[in-house]
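A quick write-up on the structure given underneath.
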Amino acid sequence: MWSRIRKNVLPLCFCLLIVITILATFIGCKEEVTTTAPPVTATVTQTVAPPATTTAKPAPKDKIVVGMSRSFSGPIAIIDDSAFRPVYETWVKEVNAAGGIFVAEYGKKLPIELKTYDDKSDPATMAQLTEKLILQDKVDFLWGGGGTSFIYAQAPIANKYNYILITMEGGATTLQEMLPSLPYVFVTLPFSTWYEMPVLADMLASKGVKSAYIIYISDLHGVEYNGAAGIEFGKKGIQILGSKAVPPDIKDLSPVIKEAKASGADAFCAFAYPDQVFPAVGMSIELDYNPKVWLGGPGINFGFFHTGFGPMVEGVMGWAGWNRKSSAALNTLADKLYKDKPEDAQDWWGQAYYWAGLDMWKAAIEKAGTLDNKKVRDILATERFQTVLGETWFDKGLLNKETHAGEVGQWINGVYEVVGPFDKATAEWVYPKPAWPK
Amino acid sequence: MLEVSNISTFYGQIQVLWDICFKISDGEILALIGANGAGKTTLLNTISGVLRPNSGTITFLGQRIDGLAPHAIVELGISHIPEGRKLFSDMSVQENLEMGAYIDRAWKHRRETLEKVFEFFPRLKERAGQLARTLSGGEQQMLAMGRGLMSRPKLCIIDEPSNGLAPKLVQEVFQIIKSLREQGITILLIEQNVRQTLEVADRACVLENGRMALEGCCEDLLKSDHVRKAYLGL
Amino acid sequence: MEDLMVIINLLALVYLGWFVDWTLKQNKSKIWLFSGLALIMLAILSTLPNYGPTYSYIMMSGILMYLILTVSWTLFSGPTGYISLAPAAFFGVGIYTSAILGKDFPVLVVVIFGGLLSVVLAAIVGALTLRLKGIYFIVFTFGLVLLISSVLLWYEIRFTGTRGRFITTANNDLIYYVMLGITVLMFITSYFLKRSKYGLALQSIGQNEEAAAHMGINVTAVKIAVFSISAIFMGMAGAIMAMKWIYLDPYSAFDPFRSFLPVLMAIFGGMKQFYGPVLGAVILAFLEEKLLTEFPYYYKLSFGIVLILVIIYLPDGLVGLGQKVRAWFSRGKIALT
Amino acid sequence: MHLLEGEGVSIHFGGLAAVSDVSFYIDQGEVLGLIGPNGAGKTTLFNLISSCYVPRPGILKFKGKNITGMSPYKICRLGIARTFQTVKIFANMPVIDNVRIGSLFGNTRSPASAEANQQSIELLEFVGLSRVMNTPARDLTLANQKRLEVARALATKPELLMLDELMAGLNPTEVAQAMDLVRQIRDKGITIIMIEHVMKAIMSVCGRIIVLHHGQKIAEGTPQEIANSKTVIEVYLGE
Amino acid sequence: MERFLDVAIAGLLLGGLYALIAMGMSLQYGVARVFNIAHGEFIMLGAMTTWTLYTVFNISPLVAVVICGPLAFVLGFIIHRTMFRKLQSLSANQGVFESNSMLASFGLMFVIQNIAFLAWGPEIRTYNYLMETVSIGGALFGARRLVTLGFAIAIGVIFYIFLARTRIGKAIRAAGQDPSTAGLMGVNINWVLALCFGLGAAMAGIAGVLISMSYPDSANMGQEYLTVAIIVVVLGGLGSIPGSFIGGFLLGIIGSIVSFYEPGLNMAAYYAIFVILLLVRPRGIMGR
């Protein structure tokens, strides 16, 4: 009898107990949902817990710890390689060589220490590591991850914990709509709809381009650029003869290039990443496809595009941010970043903006005289700063467009020149593009 | 010629053979008799190196071969014609035969040997280009035996050659085995067809449950009560 | 501090895993002690958000995710030997359920829906494919994950015009509670499954499917049923974890890595006992976090090396190793006496 | 009405007729022997009856009911159990669990856990394995593994038991024991079809024998008739 | 009509590449019974090595074929002799070995990928070679793609002759059908298995060289090509080398047709073919 009870009844009782516990936990949760439930849309999440770092009297400090979750491995690692090491590390080295950032609160210069984690190119891992940086490592500041989808996942988290996030490598138009609800998030890279695409449309229209053919990568970036092109080109009466989405891992682009060629469009645009833009260039050369405008990006703006294709790239256009000839300050920056380094490291789109973003961050801290994210944020949001790009400021969380050193670039005589907008051009736009050299 | 002493073999955890001892002398036909699962095939696999004995020694022409890999044993001159023919079914008859002559020693003479085998099995010559799996059962068995001869063996181990063959073909197979001996090849034969086997063989061993139960010349075994009861159903 | 809390809680989890094994034993002694301990462990786990720092239960949620994937994977694949690489698919279905329904429904409803949709997918997949054996089954489940993610990607671009989706967030402690709830639910399910005759049937299918069918077991039905049950937990875990990750696209929702890791963790822990996969998942998930943060550049390298070494030298995992060591010691004792 | 009846049962494997046009029957309480050289199609016939394969063409009837093409598990639950030529035990499970599976799943009405346990223990005693109840099945000797298969099959409470080479590989003492076992099973009222190579066993246990050769039924009759049949002797005994 | 020719020829060109990628994997599975998930990494090694040879040492990719092939062979041979042979001796049966070796090759994939990553970094590498355009009946194609196709066909044919005519080739086929019986014929099985694994790796290496001529390369490229290889291998019938050869072309043509109508569905179509094929005819087009 007893053994029967022991064998059957006890385990059952135990399991019942567990079930009750779980139910209790769930019910407990439910109450919490009703009391502290965050707003249900992803856009606003500013209701939670005050930052852990604010204290009335700061404890003595000898460094500023900045946390980053970056994709050191996996497919996105390429973005890191073009930004993290060349820009962030150089910048930190330069600042630290000068003793660091002066923080009035502590009455001295504090050097920067980077705490970096690898998210293996997975946004989910990045989200968790960002929380680790904030909650466990209690870093003083957070710098952004690379890639648009990473920024999307990271921005709400940083904002929730009231950490400033200056996003660098990425961003999309939908982020712009979210910015008013994310006061701690600042965006440096220009958005497609905002400035780049109108400039391009203007340029094309000025030369009488009548039609365009577009391929775009099937992700947020490609979709937005394609959409923006549709609107802006439409305004200028440029007819879009075809627009095709290509998956990231497509192998053979010859069908689309052939179709583009057959369409006879004046301009060919590839809104995609290097993984697709490079084969698209290769395929166009192979198929001897010579539209009057061949524009692609991101990817064309990298030095390794030039080292890879050599003289073939003559006349190919892409997005651009700056150039040595844009200003003296930018020339000095180019020296700092690229001198004595292989051409591969060059990036003529974003690197100046990332650098400027970091400059602004430093200036804001010095001005605030504290490491308190809130105070620094308020200054970042309102003040104007002197950076490599000249006088810059954040306009509703976006880097102001007046500061931009350029939008559209073109490889001319082996140099990536800014060709648009025309008032910021460092060289005259070569139109039409010369045929691929044989 | 071949001396097997005190062989014990395990299949995983299960011991299949216990202390098997026997000898084959040059030019004889030795038959191994036993029920299904008595360990006959295991014994053959142990000799040809597919399995390793856990204890005991096997010597062939004065050289120890236990623990050698199968291909090394073939090179010494033992050819194993496995149960169920095991042809390379997607290769042609000729290719199957050539595979039989894979070892260096035989490869050089493969054309001559091939002619000989074709003489022996004229049917195979007719079918040389066909895929092995398209052959009939009898032809497949001939091919298996022909393939075994291609390595120019000194000792030929034949495992259940009459398995699944029509009675007429079984007769034929036994005829072939006899004529092999006439060619000077020593033969170790496993058969279920006890009576015919005992008629062909010189000596026989009876394997029961992994142990050697009886050994002797065939006439004696044919008369033995045990064999008559257990294997001949009389 | 966080690490310490997490380690204590992980030990509690491993104890609960062991406790499930223990309750399955025939003769049980010290029942009060062990059951009492189990209750204490459960209490430690369920109150973590009350005493642990925030990141400790965020980290625990991440580890519980691997635990759920691994244990529910083992539920089906352990006894039957069918190596399924579909966990990522079921998990991804959960994520997308969360992305689509998250805005309009309460968390628990979304989670349950995630589980149910995974079951539907698992039942369809199971009915179609469980007759495939060995490498075919492995490759099929692998292809399934890729197919779903690429079709979804195409669909999103073509018809919804975006690639990724925002997911309604939930509080970290809520996520933790739900994850823990799923885990305990899974433990209980495993317990009852192992105790029931279907556990026995599943085991027999793994050892000889044909004989099992001839013993009157409806092999197909049992396989599909258990395959689907194991998918429930994966789907539910996906639905709740998505709320932690905020923004996801098809490629990261259906990351095939989430299919491989459970397999490795289960093998590493050893599948002969219930607590083996628990142990494997807990150790490797904790290590993953450490490796990613301490040795970012060598993470995959060490992962690969561990995988190879475990497969070659620890076919029965840590549990098997433990048993070997114990056997070795007891043999030593006998030799001494 | 016959217990089991087959009409013109055939099956082909890639052009090879493994079983062709075999008609047979077995009555309640009979012990039917199935003999023939290796490869004659005996085991294939078993596989057809237990629905591993579906006969094409051909009809199988159990107690008058057409069972052609039914799933194996349903066949088992109807009351047809079998053992296998190469033992197919659940090697890593304890002996008792092997039998319990049969008991738990082999019937339309599944017994309670305790009842199944009791039945399994009784059956293990019946076949003489009660002492090794808790050892993993893989550690048993071949003879005991075969007994375990019998016990497992009996656990499904069959009306018809198919024994596939139960005695192959057993030594004479074990063969004698196995024969006893078969008789005891018969005495329980279970109908038996057995494939056997051990002539002594089949001659003394079976009431009727069917001889298969190349997938065809070449003879049928009492052991005496079979032993004296010229065709059989020519084909099978190799005279 | 011209479009049809276009699509067909583009499909053939792509198919040649796919066939090349898949044949090696098929050989490794068909004979050595290793479903080599690290196959893509050998392709990557071939491609990245070629890039280094071309940009640093100025060695033409066509010469690199002769360098990378043997290097990959040696690497594959050694890996089989050590890792997979050990695994084989420890596995209870073929089925266990197949799943274990697949998992172990997963580990291998991570190891090679990570080492390559440390060696070459994450950058995307390209170089210019043979950018000429060739016109076939009005349809235009890149010369380098024709070279790839030529190599694929040549390697396929040479390999076929090797298997059909030579002594070792026959031994490989025999070992693929029944390794233990091949052993009884005097074939040194372990050596032949390692040889096959090495040859498979060599084909992957050569495929990598040719891929690097037309496509950008990076340390992460392996996985993409792995999935394509798996699809082709299943399409052609697991382990059937002629099946992989034909399957490669078939998939190339299908891919090219799909890309023509809806490039966004390109990969989805591949996976769909793969999944449906496994359901309807798991043994593939050439499997028995």
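Shape verdict for the range B:93-188, please, from the Cα gyration tensor: rounded (a/c under 1.5), prolate (a/b greater than b/c) or oblate. Oblate, because a/c is 1.5 or more while a/b does not exceed b/c. Within the same chain, aspartates and glutamates fewer than 8 places from A:K325 are excluded, and of the rest, those with a Cα less than 14 Å from its Cα are A:D335, A:E417, A:D423, A:E428. Rolling a 1.4 Å probe over the protein heavy atoms leaves A:W393 with an accessible area of roughly 50 Å².
For the Cα atoms of chain B, what angle does the longest principal axis make with the long axis of helix B:110-120, in degrees from 0 to 90, nearest 10? Result, in degrees: 70.
Solvent exposure of A:Y338, expressed as accessible area, is near 10 Å², computed with a probe of 1.4 Å over the protein chains only. A simple rule links phi to the HN-Hα coupling: the Karplus curve 6.51 cos²θ - 1.76 cosθ + 1.60 with θ = phi - 60°, which for the range D:56-69 gives 9, x, x, 10, 10, 10, 10, 6, x, 9, 6, 10, 4, x Hz, with x for Gly and Pro.
What FRET efficiency, computed as 1/(1 + (r/R0)^6) with R0 = 51 Å and r the Cβ-Cβ distance, is obtained for B:E182 and D:K188, rounded to the nearest 0.05? It would help to have the intermediate numbers written out before the result.
Working: r = 57 Å, r/R0 = 1.11.
Result of the calculation: an efficiency of 0.35.
Helices that extend 30 Å or more along their long axis by alpha-carbon positions and average at least 0.5 on the Kyte-Doolittle scale are, among the DSSP H runs of chain C, C:2-24, C:54-80, C:107-129, C:134-155, C:172-195, C:219-245. Just to confirm a number: summing +1 for Lys and Arg and -1 for Asp and Glu over residues other than C:I138 whose beta-carbon lies under 15 angstrom from that of C:I138, what do you get? Value of the local net charge: +2. When each full DSSP H helix of chain E is screened for a Cα extent of at least 24 Å along its own axis and an average Kyte-Doolittle hydropathy of at least -0.5, the helices passing are E:2-30, E:39-56, E:61-79, E:94-120, E:143-165, E:189-214, E:241-261.
Express the accessible area of chain B per residue in Å², computed with a 1.4 Å probe while the remaining protein chains stay in the model. Kindly include the intermediate steps, with their values, before the conclusion.
Values: 9350 Å² over 234 residues.
Result: 40 Å² per residue.
Compute the helix-to-body angle for D:95-105: its Cα long axis versus the longest principal axis of chain D, expressed 0 to 90° and rounded to tens. Helix D:95-105 and the main axis of chain D meet at about 70 degrees. Structure remark: mean-square fluctuation, Gaussian network model of chain B, C-alpha springs under 10 Å; the largest value among B:I14, B:I176, B:I29 belongs to B:I14.
Here's how it looks for A:K115: its modeled amide H is under 5 Å from those of A:V66, A:G67, A:M68, which are all 5 or more places away or on a different chain. Look at the stretch D:75-82: the mean tally of other chain Cβ atoms within 10 Å of its residues' Cβ atoms is 3.
Take every DSSP beta bridge whose two residues both sit in the protein assembly as shown, then give the antiparallel share in percent to the nearest 5.
Values: 65 of 131 bridges.
Among the beta bridges of the protein assembly as shown, antiparallel pairing accounts for roughly 50 percent.
Given R₀ = 41 Å, FRET efficiency for C:K103-A:R85 by Cβ-Cβ distance, to 0.05?
Result of the calculation: an efficiency of 0.55.
Cross-link check: pairs B:K40/D:K200; A:K235/A:K292; A:K109/A:K132; A:K109/A:K401; B:K116/E:K170; A:K120/C:K290 evaluated at a Cα-Cα cut-off of 23 Å; pairs beyond the cut-off: A:K109/A:K132; A:K109/A:K401. Once you order the gyration tensor axes a ≥ b ≥ c over the Cα atoms, which shape class does the protein assembly as shown get: rounded for a/c under 1.5, otherwise prolate or oblate by comparing a/b with b/c? Prolate shape, in that a/c is at least 1.5 and a/b is the bigger ratio.
Inter-part distance, the range A:219-273 to the range E:188-216, computed on C-alpha centroids, equals 37 Å.
Please report, in debye to the nearest 20, how large the charge dipole of the protein assembly as shown is about its Cα centre when each Lys and Arg carries +1 at its beta carbon and each Asp and Glu carries -1 there. Each step should come with its number before you reach the end.
Details: 130 positive and 121 negative charges, 546 e Å.
Dipole about the Cα centre, nearest 20: 2620 debye.
Computed about its Cα centre, the charge dipole of the range B:96-229 is approximately 340 debye, with only Lys, Arg, Asp and Glu carrying charge at their Cβ. Chains D and C together bury some 1900 Å² of accessible area, summed over both sides, with a 1.4 Å probe.
If E:R144, D:R77, E:R283, B:R64 are ordered by their accessible area, calculated over protein heavy atoms with a 1.4 Å probe, which sequence runs from highest to lowest?
Values: E:R144 5, D:R77 75, E:R283 100, B:R64 135 Å².
So, going from the largest accessible area down, we get B:R64, E:R283, D:R77, E:R144.
Counting only whole DSSP H helices of chain A, the ones at least 30 Å long by C-alpha along their axis and with mean Kyte-Doolittle hydropathy no lower than -1.0 are A:10-36.
Quick one: net charge of B:Y102's neighbours, Cβ under 14 Å, K/R +1, D/E -1?
Values: positive: B:R105, B:K108, B:R110, B:R147, B:R152, E:R167, E:K170, E:R173; negative: B:E75, B:E95, B:E98, B:D104, E:D178.
Taking every Cβ under 14 Å from that of B:Y102, the sum is +3.
Once backbone amide H atoms are built at 1.01 Å from N, D:D164 has D:T83, D:F84, D:I195 as its partners under 5 Å, excluding neighbours fewer than 5 places away on the same chain.
For the residues D:K200, A:K433, a 1.4 Å probe over the protein chains yields an accessible-area ranking, largest first, of D:K200, A:K433.
Counting only protein chains, not ligands or nucleic acids, how are D:K88, A:K210, A:K374, A:K132 ordered by accessible area (probe 1.4 Å), most first? Please report the intermediate quantities before stating the final value.
Details: D:K88 40, A:K210 130, A:K374 105, A:K132 5 Å².
Ranked list, largest accessible area first: A:K210, A:K374, D:K88, A:K132.
The distance between label points at E:A8 and A:K63 comes to 6.8 nm (points 7 Å beyond Cα on the Cα→Cβ vector).
Where only DSSP H runs of four or more residues are counted, chain A gives -11500 deg cm²/dmol as its mean residue ellipticity at 222 nm, each run worth -39500 (n - 2.57). Applying 1/(1 + (r/R0)^6) with r as the Cβ-Cβ distance of E:A143 and C:L287 and R0 = 51 angstrom yields a FRET efficiency of 0.55. Comparing E:S60, E:S89, E:S240 in a Gaussian network model of chain E (Cα springs below 10 Å), the most mobile by mean-square fluctuation is E:S89.
When the charge dipole of the protein assembly as shown is built from unit charges on Cβ atoms (+1 for Lys and Arg, -1 for Asp and Glu) and taken about the Cα centre, the candidate among A:G227, C:L200, B:N96 whose Cα reaches farthest toward its positive end is C:L200. A crude spin-label estimate for the pair B:R111 and A:Q176, with each label 7 Å from Cα along the Cβ direction, gives 8.2 nm.
Using the Cα gyration tensor of the range A:174-268, with a ≥ b ≥ c the square roots of its eigenvalues, what is the shape: rounded (a/c below 1.5), prolate (a/b larger than b/c) or oblate (neither)? Numbers along the way, then the final one.
On the way: a/c = 3.15, a/b = 1.43, b/c = 2.21.
Since a/c reaches 1.5 but b/c is at least a/b, the shape of the range A:174-268 is classed as oblate.
Between the listed residues A:A272, E:V209, B:L131, the Cα displaced farthest toward the positive end of the dipole of the protein assembly as shown, a dipole computed from Cβ unit charges relative to the Cα centre, is found at B:L131.
Where nothing but the Cβ of Lys and Arg (+1) and of Asp and Glu (-1) is charged, how large is the charge dipole of the range A:226-312 around its Cα centre, in debye to the nearest 20?
On the way: 7 positive and 8 negative charges, 54 e Å.
The dipole of the range A:226-312 has a size of about 260 debye.
Mean projected area of the convex hull spanned by the Cα atoms of chain E, taken over all viewing directions: 15.4 nm². Interface between chains C and A: roughly 5200 Å² of accessible area buried, both sides summed (probe 1.4 Å, protein heavy atoms only). Summarising the label geometry, the points placed 7 Å from Cα in the beta-carbon direction at B:S224 and C:I112 lie 7.6 nm from one another. For chain D, the longest principal axis of the Cα atoms and the long axis of helix D:113-127 meet at an angle of about 60 degrees. Across A:D266, A:D335, A:D372, mean-square fluctuation computed from a Gaussian network of chain A (C-alpha pairs under 10 Å connected) peaks at A:D335.
Between the listed residues E:A116, E:Y129, E:L140, the Cα displaced farthest toward the positive end of the dipole of the range E:2-220, a dipole computed from Cβ unit charges relative to the Cα centre, is found at E:A116.
Which pairs, out of D:K188/D:K230; A:K207/A:K336; C:K30/C:K324; B:K86/D:K230, put more than 30 Å between their alpha-carbon atoms? Provide the component values of the computation, followed by the final result.
On the way: D:K188/D:K230 35 Å; A:K207/A:K336 37 Å; C:K30/C:K324 26 Å; B:K86/D:K230 33 Å.
Over 30 Å apart, Cα to Cα: D:K188/D:K230; A:K207/A:K336; B:K86/D:K230.
The heavy atoms of B:R152 present about 80 square angstrom of accessible area, all protein chains included, probe 1.4 Å.
The values are calculated or read from the model by the stated rules, or taken from the named source; none is laboratory data. Everything numeric in this text was worked out from a predicted model, so none of it was measured. Backbone-built Cβ (ideal geometry, glycine too); neighbour counts: all protein chains shown. Only protein heavy atoms, including side chains, enter the accessible area calculation; ligands, DNA and RNA are left aside. Shrake-Rupley method; radii C 1.70, N 1.55, O 1.52, S 1.80 Å.
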